[in-house]
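Written below as structure tokens is the structure these notes are about.
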Amino acid sequence: MNVQYSHSASLTAARRARELAALREAVGRPEPTVDLLVVGGGVTGAGVALDAASRGLSVVLAEKHDLGFGTSRWSSKLVHGGLRYLASGSVGIAHESAVERGVLMERTAPHLVRALPQIVPLLPGTGASGASLVRVGFLAGDALRLAARTPSATLPRSRRLSRAEVLRYAPTVDAAGLRGGLVFWDGQLTDDARLVAAIARTAAAHGAKVLTRCSVSDATGSSATLTDELTGESFLLRASMVVNAAGVWAGEVADGITLRPSRGTHLVFRQESFSGLTAGLTIPIPGETNRFVLALPAPDDRVYVGLTDEDAPGAIPDEPQPTDAEVDFLLRTLNTALRAPLSREDMIGSFAGLRPLLDTGSGRTADVSRKHAVLTAPDGLVTVVGGKLTTYRRMAEDALDAVLTANGRSAGPCRTRSLPLVGAADRATLAHVKAPLRLVQRYGTEAVDVLAEAGGDPELLRPIAPGTQTTAAELRYAVRHEGALDTSDLLDRRTRIGLAPTTRDAALHAAESALAD
């Protein structure tokens, strides 16, 4: 499993310019320039590019903004086993989620995903029937883990917690009337945007051309117009196959795609507001049987609280914004479990993302299936929508198989179920990487390369601003190897400093310096 990728995995401004120039030179030739064009650089698009490149196809991935710019960076950072889908009878989706969780944790990205205990405190408002329902659900989750063949050493089995154990995990839970709790273990990402970058860089190591700031228009099943958003220059790219993985913007790329975006909002707090939360705090939403608000510990001593599931009709914004009603709802539900209520004054930020759900008609978006769909147009253009972050790899595999079939093409077998991403290694190897744990959990075996960016200067290994542990060495690494082209790439996606606006402002100068270097 301990695959070492060479500098072929490095994404840089120079590489981008060189690869764009090579594609422009091919304009006018009658034969296709590339086997596959992938539209969209989110987790699914990056997954399609990796699947195709690792099967031996030539690949271009075109992303209008940056890797992980859209929905992929606005998740709860969970790699979950699909437990909630069992309650609605969606056994297939639940099993698929559990399998893909195991793939990430055991083989492809153990450096980015780790086990997270999630606790449900048994408060006075949780009756015996409600507690029994949760316990049965957790036992079903254990069965899913076993069916997915994920060992208990990776994800322990669920169990009952004592009152003292609940308060050790979550010191701010209201102790009055607390009867203990229940715990279930699931997967948590260090960072969703970093996962996208790792997938894209692994695709690049297998020969894919990963082009950010490159928009697509007039897409068909065999061509598209690419525009370099940095220069404004456009050219026609001929491809044997095209996959539309543009997420909530998929309908702008392909005709006939009708989506029903659903907005999921999170609030950002300092850890001190939760007195050291070390587990996911799972709080039932009053009046609901299968929906919860989660408080999740996060890097940089933060806690993310989410999430909502609200219809978001109308134009698709580049960066969705939480509504006041959603903020109030999350605070109100959160406070049903806390000893000392939190308010807007305690928040240090917030964020919202749009789920690319297929429009299935009436009903709440919370009840719309999360099963992904692969749609093939008459001209062979394949669109993949729906799904969720955990199942990106399966979505990518299905999309690639569909576009190969639609175009009468063949390729090697899918390898992504066992193909490690850049930085991945087994946990024993990761434990011996000579770098701080925080860096190993973000970069895996590449943590030593991040340290090397400091060149022996200890100043480059110190935090660049209050409220973050990010160093100048990490920013330099993002520019030299991870395709960061501007300060937003650095502060909002390669790191998540931007989720706290005050910290972002303080770190801006360091980001500018890294780009200048």
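Bear in mind that the values in this text are calculations on the coordinates, not laboratory data. Since the structure is predicted, the reported quantities are computational estimates derived from the model, not experimental observations. Heads up, the Cβs are rebuilt from the backbone with ideal geometry, glycines too, and the neighbour counts pull from every protein chain shown.
If both residues of a DSSP beta bridge must be in the chain, then about 75% of such bridges are antiparallel. Given +1 at the Cβ of Lys and Arg, -1 at the Cβ of Asp and Glu and no other charges, the dipole of the chain around its Cα centre is 1860 debye to the nearest 20. Relative to the longest principal axis of the Cα atoms of the chain, the long axis of helix 501-516 makes an angle of roughly 30 degrees.
Rank the residues 414, 214 as a footprinting-exposure proxy: fewest other Cβ atoms within 10 Å of their Cβ go first. Please list the in-between numbers first.
Values: 414 19, 214 25.
So the ranking, lowest neighbour count to highest, is 414, 214.
Computed extension gain for residue 258 through residue 405, at 0.36 nm per residue and net of the alpha carbon distance, reaches 50.6 nm.
Under 18 Å of direct C-alpha separation, and excluding same-chain neighbours fewer than eight residues apart, residue 434 reaches these aspartates and glutamates: 426, 446, 449, 453, 457, 474.
In straight-distance terms, cross-link reach from residue 77 covers every one of the lysines whose alpha-carbon lies under 22 Å from its own, apart from those fewer than eight places away in the same chain; here that gives 371, 388.
If each residue's Cβ is checked for other Cβ atoms within 10 Å, how do 502, 445 rank with the fewest at the top?
Details: 502 12, 445 22.
In order of increasing Cβ crowding within 10 Å: 502, 445.
Footprinting exposure proxy ranking of 285, 119, fewest other C-beta atoms within 10 angstrom first, gives 285, 119.
Using alpha-carbon pairs under 8 Å, 6+ residues apart, how would you state the relative contact order of segment 453-516 in percent? Intermediate values should be presented prior to the final figure.
Working: 74 pairs, mean separation 19.8, N = 64.
Relative contact order for segment 453-516 comes out at 31 percent.
Amide H contacts of residue 182: 120, 122, 161, each under 5 Å away and 5 or more positions distant or on a separate chain (H built 1.01 Å from N in the peptide plane; Pro and chain starts excluded). Distance from the Cα centroid of segment 342-356 to that of segment 184-234 is 26 Å (rounded to whole angstrom).
The trypsin sites (Lys or Arg not before Pro) of segment 26-90 include none that meets both criteria, a DSSP state outside H, G, I, E and B (loop) and at most 12 other C-beta atoms within 10 angstrom of the site's C-beta. Placing unit charges on each Cβ (+1 for Lys and Arg, -1 for Asp and Glu) gives the chain a dipole about its Cα centre, and among 463, 131, 320 the Cα reaching farthest toward its positive end belongs to 131. With the cut-off at 1.5 for a/c, could you classify segment 453-516 from its C-alpha gyration tensor as rounded, prolate or oblate? Oblate, since a/c reaches 1.5 and b/c is not below a/b.
With axes computed from alpha carbons, what is the tilt in degrees of helix 192-205 against the longest principal axis of the chain, rounded to the nearest 10 within 0 to 90? Helix 192-205 sits at roughly 30 degrees to that axis. Let me know the shape class of the chain, please: from the alpha-carbon gyration tensor, a ≥ b ≥ c as square roots of the eigenvalues, rounded when a/c is under 1.5, otherwise prolate if a/b is greater than b/c, or oblate. Judged from the Cα gyration tensor, the chain comes out prolate (a/c at least 1.5, a/b above b/c).
Suppose we flag GluC sites (Glu not before Pro) only when DSSP calls them loop and at most 15 other Cβ atoms lie within 10 Å. Which is the longest uninterrupted stretch of the chain?
On the way: sites that count: 229, 233, 288.
Longest site-free region, per DSSP loop and neighbour criteria: 289-517.
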